[in-house]
Amino acid sequence: MSKIIGAYLYPSYPNKGKIEKIKEVLKEYRKTAKQIAKAQWIHFFKTGEFNKYLDIKKLKAKLSERYKQTCQWQVVSVLESFIQNVKNEFEKIVYKSTLNEKTKRVLIVINKQNKWFDKTIDKVYWIQNKKQTIEYLVSEEEKLLAKKIIKYILNKWRKPNFDNINLHLDNKVAIIEENKKSKSFDKWLKLSTLQKGEPIYIPLKNNPYAENTEGKFLNFCQIDIKDDKLIVKLMKQIKPREYKPLTQYIAIDLGLNPLIATDKGDLIGRRFLDFLMAMDKKITKRMAYIQKKGIRPSQDKKYKKMVSQLRGFLKTEINRYINNLIELYKPEVIVLEKLDFRNQNLSKRMNRLISNFGKRVIKEKMQRLKELCGIEVVEVNPAYSSQTCSKCGYVDKNNRKDTQTFECRACGYKANAQVNGARNILNRRSIGDIKVHTPKKAILKVLVKQYLERFTGCNSAPLEVLKGNPYFRDYLEDFLNPWSVNKCL
């Protein structure tokens, strides 16, 4: 089980002079981070990886060598996280392509090993299973294709720019000390500045929740300044919980009305969309005012406050609802759809805000549950899960009456639409031909063929229903022979 680290806000009380010194450090830190990132990208395009020990002594910066090395570790961490997402996109592109199976496997291995720019690679090894490994020779065309795909993604995606990076500091430049001389505050944060040998001391108050959480404080902190207010977070390695599963699986369908439906029939967060729609009106109105005045959203305090309130609501409610589910069912495995928070009743801006932030909150929560409790998280492709009957497997866009109602046109099964979706998500974990990155068209083919093979002839949906369903037109002739058709007529 990997380590889980918590970041806890500690109230701080610096005077204006100390704030100004921290601003100086922050400005120089961000400037240095950009220089380091530039050097790291040069190294990446030569080797296919970043190096947190890269020689940066020649960089022109006012920061001490200790500060620069701390900064480099943070920059590399951000870049490695970015590249992991790029690698996921690479894999998705390859799986969705029409390339032959051998080339797909070669490209996937090259991607996993970060060998996109390696001209010397001549063979790769595909692990078929625990007992079988297949060796493939790598052609020049495949090397070139791997390089083209990774460069295409990097050119398409916006790379981290470090304009607003905060300080992630270890005890080389930031030391936390207990205050034993006064009761007015609990800790000192000793922070190095740009002036050599002139550190500043910032008084901190304890965070009771953090202090009472089982674990060990690390020699590490996060520091930022927003609206001339200092934000200090201390890091703690949290002790994993004793967790005994009571349920093998729970499947979750994520939407916005309600937020969560489970395969057990739970509907959680019924008023979630109402709050988002109310916030959407406020944010849209404020954006119209900002645009009229020619102000950038990042410069408008009221807009920033609204977005902050929205994010706080999303984080609090998502964590609260999932915690309640874990407490109720204590699952061994959570089966989750590939995330996409969107709703037609919300503006494009609101959909973008909740999609980007909501995905991150869910992902972080699942990772935390995995690390704290050992819960396995399985992500599945949700394509057509809202149109498929979880009882008989019949897929038809007309099965979904509206956002809340599902009624199967084949077997007549009725259920809440999201609960039916959650049950399909649970079923999908066991369909070997459907992977997270399987294209929608291929998924539909699997679902249709699976239904026809299981329910042919008189046991299937009425023939006129199947004939009227465009999903089935290309497959009926192969699976319904003339005898079974005539018999049913």
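The values are calculated or read from the model by the stated rules, or taken from the named source; none is laboratory data. Note that this is a predicted model, so its numbers are computed, not measured. As a convention, Cβ positions derive from the backbone with ideal geometry for all residues, glycine included, and neighbour counts pool all protein chains shown. These accessible areas exclude ligands, DNA and RNA; they are computed on the full protein's heavy atoms, side chains included. Shrake-Rupley method; radii C 1.70, N 1.55, O 1.52, S 1.80 Å.
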Tell me, yes or no, whether the range 390-404 has at least one residue that is hydrophobic (A, V, I, L, M, F, W, C) and under 24 Å from Tyr329 (Cβ atoms).
-> no
In this structure, is Glu20 part of a helix (DSSP H, G or I), in contact (Cβ under 8 Å) with a residue 12 or more places away in the chain and not aliphatic (A, V, I, L, M)?
-> no
Could you identify the single residue in Ile127, Ile134 that is more than 30 Å from Lys196 (Cα to Cα), open to solvent by 70 Å² or more (accessible area, probe 1.4 Å), hydrophobic (A, V, I, L, M, F, W, C) and assigned to a strand (DSSP E or B)?
-> Ile127
Counting just the residues of the range 459-480 that are outside any helix (DSSP H, G or I) and open to solvent by 80 Å² or more (accessible area, probe 1.4 Å), which one comes out modelled with the highest pLDDT?
-> Arg473
Output the residues belonging to the range 89-98 that are more than 14 Å from Gly48 (Cβ to Cβ) and surrounded by 14 or more Cβ atoms within 10 Å (Cβ to Cβ).
-> Glu89, Glu91, Lys92, Ile93, Val94, Tyr95, Lys96, Ser97
Selection count where residues are hydrophobic (A, V, I, L, M, F, W, C) and in a loop (DSSP other than H, G, I, E, B), scope the range 185-239 | 2
Output the residues belonging to the range 422-438 that are over 21 Å from the mean Cα position of the chain (by Cα), open to solvent by less than 40 Å² (accessible area, probe 1.4 Å) and closer than 14 Å to Cys389 by Cβ.
-> Asn424
Leu273: passes all of (1) in a helix (DSSP H, G or I); (2) surrounded by 14 or more Cβ atoms within 10 Å (Cβ to Cβ); (3) modelled with pLDDT of 90 or more but (3)
Here are some residues: Lys102, Lys62. Which one is basic (Lys, Arg), out of contact with any Cys (no Cβ under 8 Å at 6 or more places or on another chain) and closer than 30 Å to Lys21 by Cα?
-> Lys62
Quick one: Lys115 ticks every box in (1) without any contact (Cβ under 8 Å) to a residue 40 or more places away in the chain; (2) surrounded by 13 or more Cβ atoms within 10 Å (Cβ to Cβ); (3) basic (Lys, Arg) except a single one, so which number is it?
-> (1)
Looking at Lys293, Lys229, which one is more than 23 Å from Asn179 (Cα to Cα), surrounded by fewer than 19 Cβ atoms within 10 Å (Cβ to Cβ) and not β-branched (Val, Ile, Thr)?
-> Lys293
With the condition kept exactly as written, say whether any residue in the range 378-394 is buried (at least 20 other Cβ atoms within 10 Å of the Cβ), outside any loop (DSSP other than H, G, I, E, B) and touching a strand residue (DSSP E or B) at 6+ places or on another chain (Cβ under 7 Å).
-> yes
Find all pairs meeting these conditions: Cβ atoms under 6 angstrom apart; at least six residues apart or on different chains; first residue within the range 37-55 and within 19 Å of Lys115 (Cα to Cα); second residue of a type in the set (Phe, Trp, Tyr) and in a loop (DSSP other than H, G, I, E, B).
-> Gln40/Phe50; Phe44/Phe50; Gly48/Trp116; Gly48/Phe117
For the range 326-377 the number of residues that are open to solvent by less than 40 Å² (accessible area, probe 1.4 Å), in a helix (DSSP H, G or I) and charged (D, E, K, R) is 2
May I ask you to say which residue of Lys34, Lys60 is open to solvent by 10 Å² or more (accessible area, probe 1.4 Å), among the charged types (D, E, K, R) and at pLDDT below 95?
-> Lys60
Cβ pairs under 6 Å, 6+ apart or interchain, first in the range 356-384 and more than 12 Å from Ile322 (Cβ to Cβ), second of a type in the set (Asp, Glu), ordered by first then second residue, are Pro382/Glu337
Any hit, the range 63-84, residues being part of a loop (DSSP other than H, G, I, E, B) and either out of contact with any His (no Cβ under 9 Å at 6 or more places or on another chain) or surrounded by 15 or more Cβ atoms within 10 Å (Cβ to Cβ) (or both) | yes
For the subset of the range 142-162 comprising residues that are surrounded by 10 or more Cβ atoms within 10 Å (Cβ to Cβ) and charged (D, E, K, R), which member is nearest to Lys236 (Cα to Cα)?
-> Lys159
Being in contact with a Pro (Cβ under 7 Å, 6 or more places away or on another chain) and under 27 Å from Asn161 (Cα atoms) narrows it down to one of Phe44, Phe82, Phe90, so name that one.
-> Phe82
Any idea which of (1) in contact with a Lys or Arg (Cβ under 7 Å, 6 or more places away or on another chain); (2) surrounded by 14 or more Cβ atoms within 10 Å (Cβ to Cβ) is the one Leu9 doesn't satisfy?
-> (2)
Could you count how many residues in the range 296-312 are open to solvent by less than 40 Å² (accessible area, probe 1.4 Å) and either closer than 16 Å to Leu259 by Cβ or hydrophobic (A, V, I, L, M, F, W, C) (or both)?
-> 4
Do you know which residues across the range 395-410 are farther than 18 Å from Asp263 by Cβ, in a loop (DSSP other than H, G, I, E, B), open to solvent by 20 Å² or more (accessible area, probe 1.4 Å) and of a type outside the set (Val, Ile, Thr)?
-> Lys401, Asp402, Arg409, Ala410
Which one is nearest to the chain's Cα centre (by Cα) among residues in the range 276-290 that are of a type in the set (D, E, K, R) and open to solvent by less than 100 Å² (accessible area, probe 1.4 Å)?
-> Asp280
